[in-house]
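Engineer: The structure follows.
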Amino acid sequence: MPYVVTENCIKCKYTDCVSVCPVDCFYEGENFLVIHPDECIDCGVCEPECPAEAIKPDTEPGLEKWLALNADYAKVWPNITEKKEPPADAKEWDGVADKLQYLSTEPGKDA
Ligand code: SF4
Ligand code: F3S
């Protein structure tokens with residue numbers, strides 16, 4: 001019953017979530033983060049930390065697609081354990097609809 005990073009993280013990637021996770025289970029793509037569902041201990045502390053409100057418990061309906069996406073990319077992207085500067089245009093992307101089309105599958109750099 002892990003927590004899941006969802007669409008509004010794309011191109012916002014504030015990374016506040018990373019600094020509070022007690023088990024360091026975030027993985028970094030170029031413009032998105034994911035939670036490793038097998039490592040997340042479901043503590044919930046990251047959810048209120050996200051300025052983009054992109055983190056949800058997987059008990060919320062309709063998150064199957066996002067849970068699968070988190071699980072898939074957590075296997076291939078590098079672990080990220082410290083907060084970093086968000087993209088310069090993060091605020092402009094906050095709340096934009098249909099951001100999945102902009103998801104980069106490239107791994108994050110200098111995680
Ligand atoms: Fe980490 Fe807890 Fe968030 Fe899971 S719910 S990703 S363990 S901070
Ligand atoms: Fe993304 Fe929110 Fe973390 S925008 S990087 S889930 S703080």
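The values are calculated or read from the model by the stated rules, or taken from the named source; none is laboratory data. Remember, predicted model here, so these are calculated numbers, not experimental data. Cβ atoms come from the backbone with ideal geometry, glycine included; neighbour counts cover every protein chain shown. These area figures cover heavy atoms from the full protein model, side chains too; ligands, DNA and RNA do not enter into them. Shrake-Rupley method; radii C 1.70, N 1.55, O 1.52, S 1.80 Å.
Engineer: Residue check: is Thr59 open to solvent by 20 Å² or more (accessible area, probe 1.4 Å) and either among the hydroxyl-bearing types (Ser, Thr, Tyr) or more than 13 Å from ligand 2 (Cβ to nearest atom) (or both)?
Structural biologist: yes
Engineer: Take the conditions part of a loop (DSSP other than H, G, I, E, B), within 14 Å of ligand 1 (Cβ to nearest atom) and on the phi > 0 side of the Ramachandran plot and apply them to Asp42. Does it pass?
Structural biologist: In short, yes.
Engineer: Still on this structure, I have one more. Please go through segment 4-20 and give me each residue that is without any contact (Cβ under 8 Å) to a residue 60 or more places away in the chain and either more than 10 Å from ligand 1 (Cβ to nearest atom) or open to solvent by less than 30 Å² (accessible area, probe 1.4 Å) (or both), ordered by number.
Structural biologist: Selection gives Cys9, Cys17.
Engineer: A further question follows. Which residue out of Ala52, Ala71 is within 15 Å of ligand 1 (Cβ to nearest atom), in a loop (DSSP other than H, G, I, E, B) and closer than 20 Å to Tyr102 by Cα?
Structural biologist: From the options Ala52, Ala71, the qualifying one is Ala52.
Engineer: Give Val18, Val76 a once-over and let me know the one that is part of a loop (DSSP other than H, G, I, E, B) and out of contact with any helix residue (DSSP H, G or I) (no Cβ under 7 Å at 6 or more places or on another chain).
Structural biologist: Answer to the check: Val76.
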